[in-house]
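The structure appears below as structure tokens.
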Amino acid sequence: MKTAAIGIVGLLMLAGGLSAQKAPSFSVRNNDIFTGEIIDSLCEDNGHHIGLIKNEKNCTLACVKFGGAQFVLYNSGTKRMYKLDDQPKPEAFAAQAVSVTGRYDTEANIIRVSNISSKIIFASLF
């Protein structure tokens, strides 16, 4: 009886210790969806260099390739910029409205990207 009581106390202490561990810094849900435009980290701060480069897509690609910038997701509605952990994926979507599926890591302030897709904008025909 005494041995069983000691065993139960031990299990309770173990369970309490495991539940007190630090929660992960990223979303534990499968994925979240973030929307915005794929731009580069330099133009997010300074705006596109339209006078120097003919369009936003070329500006974004040039800043990443030659300026040391990284692709980011910028939501103009919330004025929030998200870093993206996967840099090759967003290249095809430079200067486009997109939906990014992934998990947000709060400690690193980065989205762990699982997918990027074009955000379709419907224009009124009337």
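The values are calculated or read from the model by the stated rules, or taken from the named source; none is laboratory data. These numbers were taken from a predicted model, which means no experiment stands behind them. For neighbour counting, all protein chains shown are included, and Cβ atoms are generated from backbone atoms with ideal geometry for every residue, glycine included. To get the accessible areas, we keep the full protein, side chains included, count just its heavy atoms, and leave off ligands, DNA and RNA. Shrake-Rupley method; radii C 1.70, N 1.55, O 1.52, S 1.80 Å.
Observations on the model:
- Subset of the range 66-88 [open to solvent by 80 Å² or more (accessible area, probe 1.4 Å) and under 12 Å from the mean Cα position of the chain (by Cα)]: Arg80, Lys83
- Taken together, Leu18, Leu52, Leu61, Leu42 contain a single residue that is more than 26 Å from Glu107 (Cα to Cα), modelled with pLDDT under 90 and not aromatic (Phe, Trp, Tyr), which is Leu52.
- Residue pairs whose Cβ atoms lie under 7 Å apart, sitting 6 or more positions apart in sequence or on different chains, and linking a residue in the range 85-99 that is farther than 16 Å from Asn75 by Cβ to a partner that is among the aromatic types (Phe, Trp, Tyr), are Gln87/Phe71; Glu91/Phe71.
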